[in-house]
Amino acid sequence: MAFLVIRARSDRGVTVKIRDTMGMLNLTKVNHATIVPNAPTYEGMLNKSKDYITWGEIDSDMISNLLKERGRMVGDKPVNDSVINDNSKFSSIDEFANAIVSGDATLKDVNGLKPVLRLHPPRGSKGWGGIKRSYTVGGALGFRGEAIRDLVSRMM
């Protein structure tokens, strides 16, 4: 299983440790997203920066849609099956997405693939829903679980 992590808040007034943690997650700007594996080291990083990011469980269909729509190679070239085939051991985006979900691959396994997915701000009247509160109390921050799909569909 893999997590999709999205940065929701700026780093104004953030401690250096949390800013460095978000940098290690490749979340340097608001509305940037990345895909991380479900590992104890990443869970610690997510919990440390939970007041500035939101994350949830993602499946292979959503990963392949994200890579097709918002994935970019070096030089701002779009990602497609031929690019994945040329720059990795995977033959298609769907095969690569299945490998990410199973934990056999990361975004680093494709040469030249940018580790950040740049998303739009959430569309709709709700928007983020409050960037200073946790998701459990109606805000936008912290763990979302399966509800990350709704947010991502409004941001693509």
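With the charge dipole of the chain set up from +1 on Lys and Arg Cβ and -1 on Asp and Glu Cβ about the Cα centre, the Cα lying farthest toward the positive end among the listed residues L117, I63, N38 is that of L117. Ranked by the mean number of other Cβ atoms within 10 Å of their residues, highest first, the peptides 123-129, 42-48 fall in the order 42-48, 123-129. Restricted to Cα atoms, the chain shows a radius of gyration and a Dmax of 15.1, 45 angstrom. Going toward the positive end of the dipole of the chain, with +1 on Lys and Arg Cβ and -1 on Asp and Glu Cβ, which of T28, I131, V83 do you reach last? Of T28, I131, V83, it is I131.
Bear in mind that the values in this text are calculations on the coordinates, not laboratory data. The structure presented is a predicted model; accordingly, all values stated were derived computationally and were not measured. Here the Cβ is made from the backbone with ideal geometry for all residues, glycine too, and neighbour counts use every protein chain on show.
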